[in-house]
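One structure below.
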Amino acid sequence: MQMTPTALQRIRQDAPSLDEMLFMLSCGASIMPQPVVNVMAKYLELEARVGGYGAAERNADSLSGVYDSVARLINAERNEIALVENATVAWQMAFYSMQFRRGDRILTVEAEYAANYVAFLQARKRYGVSIEVIPSGPTGETDLDALERMIDSRVKLIAVTWVPTNGGLTNPAEAIGQIANRHGIPYLLDACQAVGQMPVDVRQLKCDFLTATSRKFLRGPRGVGFLYARAESMARLEPFSIDHFAAPWTSREEYTLRNDARRFETWESNLGAHLGLGAAVEYALSVGLEVIQSRCCSLSDRLRNGLREFSGITVLDLGTRPCAIVSFVHNHLPAAEVVKACATRNLFIGASNGASTRIDAERRGLVEILRAAPHYFNTEEEVDRTLAVIAEVLEIL
Ligand SMILES: Cc1ncc(COP(=O)(O)O)c(C=O)c1O
């Protein structure tokens, strides 16, 4: 699916800073389109004038509409969406609400995100669960046959990072969902880096829980993320912590848990950021997720192919169809220095520590990894200029 030149021009007009810099860091925190900024600025001004409660009252319909937008983005129902501070909180809400017993098994993937893995370690310390890593196949994707072979009645959770921090990998999230579903095992999908760069359909993914953040490929503000909790799965799960919003205090001795996913929220939150997230979702939907995905793939392929030509650079792709995140290392230059030198030339890329995806990093001997992620608003010409800046930096460092 193609984006028309007029559509691209309009999208770029909504991001005026693109005229001043080369922005290739949507995998870290992207740039917000103008409609997102406008809705948040307007709300902030109103909060400043009438106070937070008055602003919320006057925007009740728009604030409620954010749940519809997020639900539409991932093909869920609005009552299956909770808005929280970030993807980590969303993930923790689902994970820590699950009950584990000694001997239970948690299956996860080689590229699992660090925040999730340390929570598994804590569960192991607390309950005596075992953490088992499903091996990856020769292409780097999680090996589905190995997963099938690992399943028995003690597996109480399959937790998967769909698009990991490094490697450009897109794990076979849907195929894993089919296996989890067939065996009746809860499936928790970290979609933090998938949402906003590709179509996401929770009914096809067959996940029980899915978590994401606003600031990355969705191009929303920081400090907000969401949890999808499938209605039937949520009904079996009491949140690990509640307040009087999640569970109204209905009589002196009782509370009544909300019957929607907002049981994972608390009463107070940054409502301006909610509106920003809603606007970002609508923006992505108006561009079209298939169009976004196809542009992300072609621009990132151009970048990775260009980088492969540089001596001293190794591109670290995993998987048969790498996504927008292009990961690479130089054989002796420290990643942080390359990032800094690029930034002084107005090129924004990032470096991530191998500990973000420790298992994969240890297996491949990676310590620090450079990351560049073109998004649909970038152009082929910008990718070529990015390559030219990196070439210049490698020359002088
Ligand atoms: C794969 C993955 N999962 C989860 C997160 C956490 O997201 P947040 O920082 O919004 O909590 C990240 C952040 O980089 C990530 O890359």
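The values are calculated or read from the model by the stated rules, or taken from the named source; none is laboratory data. As the structure is a computational prediction, the values presented were derived from the model and not from experiment. Ideal geometry is used to build each Cβ from the backbone, glycine not excepted, and the neighbour counts take in all protein chains shown. Only protein heavy atoms, including side chains, enter the accessible area calculation; ligands, DNA and RNA are left aside. Shrake-Rupley method; radii C 1.70, N 1.55, O 1.52, S 1.80 Å.
Observations on the model:
- Heavy atoms of Ser251: accessible area, 1.4 Å probe, square angstrom to 10: 50 Å²
- Antiparallel bridges, percent of DSSP beta bridges restricted to the stretch 176-295 (to nearest 5): 60 percent
- If only the Cβ of Lys and Arg carry +1 and only the Cβ of Asp and Glu carry -1, the dipole of the stretch 330-397 around its Cα centre is close to 320 debye.
- In summary, the lysines within cross-link reach of Lys156, defined as a Cα separation below 20 angstrom excluding same-chain residues under 8 places away, comprise Lys125, Lys206.
- Annotation note: GluC sites (Glu not before Pro) in the stretch 1-108 located in DSSP loop regions with a Cβ neighbour count of at most 13 within 10 Å are Glu20.
- Given +1 at the Cβ of Lys and Arg, -1 at the Cβ of Asp and Glu and no other charges, the dipole of the chain around its Cα centre is 620 debye to the nearest 20.
- Furthest towards positive pole of dipole, Ala123, Met24, Gly350, structure part the chain, Cβ charges: Ala123
- Think of each Lys and Arg Cβ as +1 and each Asp and Glu Cβ as -1; about the Cα centre, that makes the dipole of the stretch 111-156 roughly 460 debye.
- Taking the DSSP bridge list for the chain and keeping only pairs wholly inside it, about 50 percent are antiparallel.
- The mean sequence distance of close C-alpha pairs (under 8 Å, at least 6 residues apart), as a share of the length of the chain, puts its relative contact order at 23 percent.
- Probe 1.4 Å, protein heavy atoms only - accessible area per residue of the stretch 1-88 in square angstrom: 54 Å²
- FRET efficiency for the pair Gln34 and Asn346, taken as 1/(1 + (r/R0)^6) with r the Cβ-Cβ distance and R0 = 22 Å, rounds to 0.60.
- Highest-first packing order for the peptide set 223-232, 190-199 is 190-199, 223-232, based on the mean count of other beta carbon atoms within 10 Å.
- When peptides 174-184, 121-131, 279-289 are sorted by average Cβ neighbour count within 10 Å, with the highest value leading, the order is 279-289, 174-184, 121-131.
- Most positive-pole-ward Cα, Leu394, Gly140, Thr6, against dipole of the chain from beta carbon charges: Gly140
- Loop-located trypsin sites (Lys or Arg not before Pro) in the stretch 132-168 (DSSP state not H, G, I, E or B) with no more than 13 neighbouring Cβ atoms inside 10 Å: Arg154.
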